[in-house]
1. GNM, the chain, Cα, under 10 Å: largest mean-square fluctuation among Gly37, Gly25, Gly139?
2. Once the piece of chain linking Glu216 and Val342 is laid out straight, how much longer is it, given 0.36 nm per residue of separation minus the C-alpha distance between them?
3. Around Asp144, under 12 Å between beta carbons, what's the net of Lys plus Arg minus Asp minus Glu among the other residues?
4. At 25 °C and 0.890 mPa s, what whole-number value in µm²/s does Stokes-Einstein give for the translational diffusion of segment 236-381, with Rh from the Kirkwood sum over Cα pairs?
5. Can you sort Lys264, Lys86 by how many other beta carbons sit within 10 Å, fewest first?
6. Beyond 19 Å, what share of the Cα-Cα pairs of segment 169-260 remains, rounded to the nearest whole percent?
7. So if each residue of separation counts as 0.36 nm, and I subtract the Cα-Cα distance between Ser350 and Arg293, what length gain in nm does that give?
8. Could you tell me the relative contact order of segment 248-290? Use alpha-carbon pairs under 8 Å, at least six residues apart, and round to a whole percent.
Amino acid sequence: MFELIDEWGPEKIVCVSDTRTGMRGVLVIDNTARGMGKGGTRMSTTVSVHEVARLARNMTWKWAGVDLFYGGAKAGIWADPNSASKEDVLRAFVRALKNEVPEEYVFGLDVGLTEKDAAVMLDEVGGRGGAVGTPSALGGLPYDELGVTGHGVAESADAAARTIGLNTAELTVSIQGFGAVGAATAKRMAELGATVVAVSTSQGGIHSPDGLDVAELLALRGLHGDDLVNHYGGAAKPLASGEELSVQADILVPAALQDVIDEKLAATIPARIVVEGANLPSSAGAQQILFERGVTVVPDFIANAGGVVAAAIAMDSRHSGIRPDAAAVYDAISGKLRASTVETLVASQSQSATTHDVARRTAQDRVREAMRLRGRSPKSI
């Protein structure tokens, strides 16, 4: 259970609003012992301080889990991302955080925001370095265009399969969520030889035991967005929301929102490998049940850390003004996530503990040492 305030943080919670635009938002800087706060900014009509604080804590473990030197932070804007006033709300949010950005926090992308929005935030900050994930035309590293997070999820899935003696080219995959992360995961899994048998969006899902045409799915996403599932031309059975988590597949990738796998579902999931593409998709109880059932689980703050690897590269490039090479970014993501995945799975077996527990302990040890060296350790640590 995550408590809002504990020995790790948060260091700062900033709630902001603007009466003219109706903007309401929050920035949570969780722990900066290993570096300045960095994490995505999400926009939705359900954002809460507690949700953003949970995500900021997850970012603390994510940075430390892949051993990169930034601190956990997250921002949230309470607004409809499809609203005509989105840009006005974004600009109001950025202006309200002028004391924190870019010295303590740099804007990034999360649910509800795109590379175009990152460009707007960068423009409002008024200088280089206020946002990452910006379009390539502005010298940025476009996360969604490159599919960095989903690419990392697939690389992590392949590493997990190899670690337990399976060949990805012989495995089937079900993906919950076909946004930027899910779509890029499907693309890379297909390149690795896996068969994608089910995908879902907010409009429902489709399933074909013989495999879906990933190229067609990607094209339909570009044309129809989440409604792609209703335009797929191949032979596929429609799925109700949530059914994609229970279809027969070797690998399950929850890549939508948090809290989708509870204890009841964990007891029946048929997948042999669960790779968490979304943040916080499973409960602690569910993780324990999956471990006891022998299901291999790659924790979210390892599996979906491709975005933070790319963000770190983008942050470093702010000073040089040279856009990173895409191939080098993919190589860095693959190297970091494959190594962390294997390390976590091996430690889980040797310690007889869930992968979440062992990966979190590794991250906590790194953060704790940084806190000690900086003289920030409370007496309870």
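Rule-based calculations on the coordinates, nothing more; no lab input. Bear in mind that the values here come from a model prediction, so they are computed numbers and not experimental data. Here the Cβ is made from the backbone with ideal geometry for all residues, glycine too, and neighbour counts use every protein chain on show.
1. Looking only at Gly37, Gly25, Gly139, the largest GNM fluctuation is found for Gly139.
2. Details: separation 126, 0.36 × 126 = 45.36 nm, distance 3.24 nm.
The Glu216-Val342 span can extend by a further 42.1 nm.
3. Values: positive: Lys116, Arg221; negative: Asp110, Glu115, Asp117, Glu145.
Residues close to Asp144 contribute a combined charge of -2.
4. Details: Rh = 17.2 Å.
The estimated diffusion coefficient comes to 143 µm²/s.
5. Numbers: Lys264 10, Lys86 21.
Starting with the residue having the fewest Cβ neighbours, the order is Lys264, Lys86.
6. Details: 1089 of 4186 pairs.
It works out to 26 percent of all Cα pairs.
7. On the way: separation 57, 0.36 × 57 = 20.52 nm, distance 1.64 nm.
So the extension gain works out to 18.9 nm.
8. Numbers: 71 pairs, mean separation 21.9, N = 43.
The normalised contact order for segment 248-290 reaches 51 percent.
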